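Following: one structure in structure tokens, then a few remarks.
The values are calculated or read from the model by the stated rules, or taken from the named source; none is laboratory data. Just so it is clear, the model here is predicted, and its values are computed rather than measured. Cβ: placed from backbone, ideal geometry, glycine included. Neighbour counts: every protein chain shown. For accessibility, only protein heavy atoms count, side chains too; no ligands or nucleic acids. Shrake-Rupley method; radii C 1.70, N 1.55, O 1.52, S 1.80 Å.
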Amino acid sequence: AGENHETDIQTLVRNLGSAPAAARTILMDKHNRTNPILYLLWNRQIPAMQWREHATVFADGSKMGDGPATYGVYNATNKWTYSGGIRDEVDIDRAELWGSVHAALWAAMYETAEVFLDSGYAISMWTKDLRTEANRDIIEMIGFIKKAITNRDIKFRKVMSHAADHHNAGEQKRRLRWMQEHYPGIHQKLIAGNATADKLAKAGVNGHIV
């Protein structure tokens, strides 16, 4: 990012102004749905509310070895899924942030929503007023979205990753117990939703890269 903290993806969208056919192609994902991050940058506004119901959305980031950092999003309400990422991203924290942005924009299409993230870093960017130079381009985008959704009931909540399949049995029990204590009665659904987002994030290298 340069001095104005413009991301490569912002530059791409800005340059698409003279190429509407290319814009239509890149704005759509493989399910022929508009990518909400590109929609935000293209229109400079969040998606309009479309459904007067509650949505439960999960997002996760992934970084496999020397490969790119990618993310996955799972809308458990209408079963929408997204698996992909932002071109040339290699940092897991940025992948987590991009995933949270994508999830938040999907959530904004509902009257009420909960966005579940297993990244404490990403959660803090949505729930606290933090000022940081790290990843400032995405943080500024999050700030814009937070202001735009003040009239919508969207909550960002922390979940534990791998609460059912952690490689360390003791740690798996600790995470499962944490989920049971924080989400009694619904912890299994949330664990399954997070696991779906995790799988989508890991498959992102073969998904929709913009």
> Can you tell me which residues in segment 120-131 are open to solvent by 10 Å² or more (accessible area, probe 1.4 Å) and either among the hydrophobic types (A, V, I, L, M, F, W, C) or touching a residue at least 40 places away in the same chain (Cβ under 8 Å) (or both)?
Replying inline: Ile123, Met125, Trp126, Leu130
>> Against the condition open to solvent by 20 Å² or more (accessible area, probe 1.4 Å), without any contact (Cβ under 8 Å) to a residue 24 or more places away in the chain and either in a strand (DSSP E or B) or out of contact with any strand residue (DSSP E or B) (no Cβ under 6 Å at 6 or more places or on another chain) (or both), how does Glu53 come out, does it pass?
In response: no
> Tell me, which residue of segment 92-130 that is touching a helix residue (DSSP H, G or I) at 6+ places or on another chain (Cβ under 7 Å) and β-branched (Val, Ile, Thr) is farthest from Lys146 (Cα to Cα)?
Replying inline: Val115
> Counting only residues that are open to solvent by 10 Å² or more (accessible area, probe 1.4 Å) and either part of a strand (DSSP E or B) or out of contact with any strand residue (DSSP E or B) (no Cβ under 9 Å at 6 or more places or on another chain) (or both), how many does segment 63-81 have?
Replying inline: 8
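Results for (1) over 15 Å from the mean Cα position of the chain (by Cα); (2) loosely packed, with under 14 Cβ neighbours inside 10 Å; (3) not in a helix (DSSP H, G or I), shown as yes or no for each residue.
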| position | (1), (2), (3) |
| --- | --- |
| Glu133 | yes, yes, yes |
| Thr150 | yes, yes, yes |
| Arg157 | no, no, yes |
| Ala163 | yes, no, yes |
| Gln172 | yes, no, no |
| Arg175 | yes, no, no |
| Lys189 | yes, yes, no |
| Thr196 | no, no, no |
| Ala203 | no, no, no |
